Amino acid sequence: MQKTYDADHRASFSRLSEGEGAPLYEVVKRHISESILQGELPAGTILPSESSLAAKFGVSVGTMRKALSALTTEGMLMRRRKTGTVVTGWAPLHNLSHFFQYFRLHDKTGGLLQSETRLLDYQVGNATHEEADKLQITPGERVYRLKRLRRVKDIAAMHELLVLPGARLPDFPAAEHLPSLLYRYLFERYDIRVAAVREQITATLASKEDAELLELKLPQALMVIDELSFDQSATPVILAHHRFNTEHFMYVNEIR
């Protein structure tokens, strides 16, 4: 079922400026692609006209056309005669110079799902030797540790621990002001774009904490993903540990 997307209700569809720190069409493209990848623009959504979107973003029609053309080339959008620009629901076609990675939850039929994120714990501390080694910082440097729970359709799907280097994040928001779309926030606030991800995937039996957070009956197997994300300069920016229940959902990582 197709629906027309109303740009007025989305804060991300706001006016942009040359001061965003990246080519303007790339910033526009990032806003739209992240909305698609996060499930805010589901497959079949019809985007407004180029001129309407350009006005919402405060950019020229040429800039908007360039951003939409790039997303069409990557497979995220499709041009349909008499209909307009439509979200395909496909994963983007990546290449080495524009690699962008998200943790993506899918249902058993392969459909991309949108998760709701709840912050369980927020700590400011000193980097351990292991954290410092992976993030390429000095042991004892300030880090932010975020423990989060993701739910899909009111089912607990995953809990995770994210560790971020404090030196890269001046004036990082307190827990009550932390946005749930962390990757988008890092790009918009700090111009940190996740450009590559290294993952180690294993399986384990759920612990008592897993069972409590993910509402499981023991014994239960879990998928574990230890992940290190790198920015566009190949510097580590996020160290993550995900614990994931695959009973209802699956993790899909596509590079085409």
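The values are calculated or read from the model by the stated rules, or taken from the named source; none is laboratory data. Predicted model only: the values in this text are computed from it and were never measured. Every residue, glycine among them, receives a Cβ derived from its backbone with ideal geometry; neighbour counts consider all protein chains shown. Ligands, DNA and RNA are excluded from the accessible area calculation, which covers all protein heavy atoms including side chains. Shrake-Rupley method; radii C 1.70, N 1.55, O 1.52, S 1.80 Å.
Quick notes on this one:
- Couplings 3J(HN,Hα) for segment 41-50, derived from phi with the Karplus relation 6.51 cos²θ - 1.76 cosθ + 1.60 (θ = phi - 60°), are 10, x, 4, x, 5, 9, 6, x, 5, 4 Hz, where x marks Gly and Pro.
- Taking amide H as placed 1.01 Å from N in the peptide plane, the amide H of Ala156 sits under 5 Å from none that are at least 5 places away or on another chain.
- Placing a label point 7 Å from the Cα of Leu178 along the Cα-to-Cβ direction, the residues of segment 212-251 whose backbone N falls under 14 Å of that point are 238-241.
- Taking label positions 7 Å along the Cα-Cβ direction at both His129 and Ser51, the computed distance is 6.6 nm, reported to one decimal.
- Extension reserve of the Glu215-Tyr190 stretch, reckoned as 0.36 nm per residue once the Cα distance is removed: 5.4 nm
- In Å², nearest 10: area of Thr128 left accessible to a 1.4 Å probe: 60 Å²
- For Ser207 and Met78, a Förster radius of 41 Å and the Cβ-Cβ distance give a FRET efficiency of 0.40, rounded to the nearest 0.05.
- Cα centroid separation, segment 150-169 to segment 44-79 (Å): 30 Å
- Solvent-accessible area per residue, Å², over segment 115-245 with all protein chains present [probe radius 1.4 Å]: 50 Å²
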